[in-house]
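Take a look at the structure set out below.
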Amino acid sequence: MDPQQHKIVDILFEEIDSTQTHATKEYQNLYKGQITVLRALHQTAGRGQFDRKWECQSKRNILTTIIFPYFTNLQYLKNITPVIGYTIVKLYKELYNLDAELKWVNDIELNSKKSGGILTESEQIGDELVLYVGIGLNVNWCIQGATCLEENTGKEVDQEELFQKLRERVIKTLYQLNEHGFEMFREGINQILYRKGQLCDFVDSKTLEIVYSGIVEELNKNGDLIIRGQDGLSRVVDPNVRMKYDIHISYQRKIIIFQNLYQNENFKKLFKLLLISQYIQMVYKLLKISINKLWEMSFSNRFSSIDTS
């Protein structure tokens, strides 16, 4: 598929409810048969994954939806969000030398705080599979508990440069994924996976109740997140749950950590040595107590004999 043969149209809104909502509502009326890049300087009703509200302030965030009607490989549809996330992480490194991470499945993290997000939606219209790739990046403003680019760079960020490079890279990435598949991105994604090798809780997106816990391992060849659970077995994480990280480690989670560590042969040997050491110390203490007790009894009996005499 030659990217040069497809028309790309750029549209800028001073203010709109949501570029994503507008794109999905108006594609057939206004944007059919072309790649359209919608950008807003401000959104009044921005939305993220799981119908969460996306907060922003005027001209202080990158707010865009890219409409892409040329994606034909359905098998890679679920890979779009992490692949676009990886593209953004690479862009942050290139432009600002920042080591961002991809929090499964759609968040961009800087220093363990959210700095951006991706919302991918699609619909089949006749023979067309239309993608709506929504991206929100915090440039110099963010809600409490999140972070923004300028907070991490310590200097002013050129929003226009960032947007133009983002636009170019995302469109290029969509062509590449469609033509070459997910495998060309997988290794890179696994290198920047947030909390890789660490224990995480995964919660229901609506109730926020913990569904399961496990050590984050990798994205497999299909793009599924793999974790290792309490039983030491690997499992696929349901895409409808969210990753949650909590510094507090419960008793149950400590058991999971230990069980996963115990799979390692070196740890197993070390643990056995520690057990033997603890056992020897315990035996030594018991012997010491017993000897002292026997000594006391012997000493007491000796004096009793003297008194009797």
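Yes/no matrix, rows are residues, columns are (1) buried (at least 16 other Cβ atoms within 10 Å of the Cβ); (2) assigned by TED's automatic domain parsing to the domain that holds ASP107:
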{"residue": "LEU174", "(1), (2)": "yes, yes"}
{"residue": "MET184", "(1), (2)": "no, yes"}
{"residue": "LEU219", "(1), (2)": "yes, no"}
{"residue": "GLY223", "(1), (2)": "yes, no"}
*If you scan the stretch 141-172, which residues turn out to be acidic (Asp, Glu) and surrounded by fewer than 17 Cβ atoms within 10 Å (Cβ to Cβ)?*
GLU156, ASP158, GLU160, GLU161, GLU168
_Selection count where residues are surrounded by 14 or more Cβ atoms within 10 Å (Cβ to Cβ), out of contact with any strand residue (DSSP E or B) (no Cβ under 6 Å at 6 or more places or on another chain) and not in a helix (DSSP H, G or I), scope the stretch 14-30_ = 1
*Among (1) touching a residue at least 60 places away in the same chain (Cβ under 8 Å); (2) touching a Ser or Thr at 6+ places or on another chain (Cβ under 7 Å); (3) within 17 Å of TYR175 (Cα to Cα) - the single one THR81 does not satisfy*: (1)
*Quick one: what pairs do we get from the stretch 123-135, first residue touching a residue at least 12 places away in the same chain (Cβ under 8 Å), second of a type in the set (A, V, I, L, M, F, W, C) and loosely packed, with under 12 Cβ neighbours inside 10 Å, C-beta under 8 Å, 6+ apart or different chains?*
LEU129/LEU74
_With the requirement that a residue be in contact (Cβ under 8 Å) with a residue 60 or more places away in the chain and of a type outside the set (Val, Ile, Thr), what does the stretch 62-74 give you?_
LEU63, PHE68, PRO69, TYR70, PHE71, ASN73
*Consider only pairs whose beta carbons are under 9 Å apart and that are at least six residues apart or on different chains; among these, list those whose first residue lies in the stretch 140-165 and is in the same structural domain as ASP10 (by TED's automatic domain parsing) and more than 21 Å from LYS90 (Cβ to Cβ) and whose second residue is surrounded by 17 or more Cβ atoms within 10 Å (Cβ to Cβ) and of a type in the set (A, V, I, L, M).*
ASN140/LEU149; ASN140/VAL157
*the stretch 125-146, residues that are modelled with pLDDT under 95 and assigned to a strand (DSSP E or B)*: ILE125, GLU128
_Among the residues in the stretch 285-306, are any part of a helix (DSSP H, G or I), farther than 30 Å from PRO82 by Cα, modelled with pLDDT under 65 and among the charged types (D, E, K, R)?_
yes
*For the stretch 186-241, which residues satisfy the criterion of being farther than 17 Å from LYS103 by Cβ and assigned to a loop (DSSP other than H, G, I, E, B)?*
LYS206, THR207, GLU209, ASN220, LYS221, ASN222, GLY229, GLN230, ASP231, GLY232, LEU233
*Would you say GLY116 is of a type in the set (Gly, Ala, Ser), within 16 Å of LYS78 (Cα to Cα) and surrounded by 20 or more Cβ atoms within 10 Å (Cβ to Cβ)?*
no
*Yes or no: VAL203 farther than 28 Å from LEU177 by Cβ, touching a Lys or Arg at 6+ places or on another chain (Cβ under 8 Å) and surrounded by 15 or more Cβ atoms within 10 Å (Cβ to Cβ)?*
yes
*Do we find that ILE11 is closer than 24 Å to ILE125 by Cβ, in a strand (DSSP E or B) and β-branched (Val, Ile, Thr) in this structure?*
yes
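The values are calculated or read from the model by the stated rules, or taken from the named source; none is laboratory data. Worth saying up front: this structure is predicted, and the values here are computed from it rather than measured. Reconstructed Cβ throughout: ideal geometry from the backbone, glycine too, with neighbour counts over all protein chains shown.
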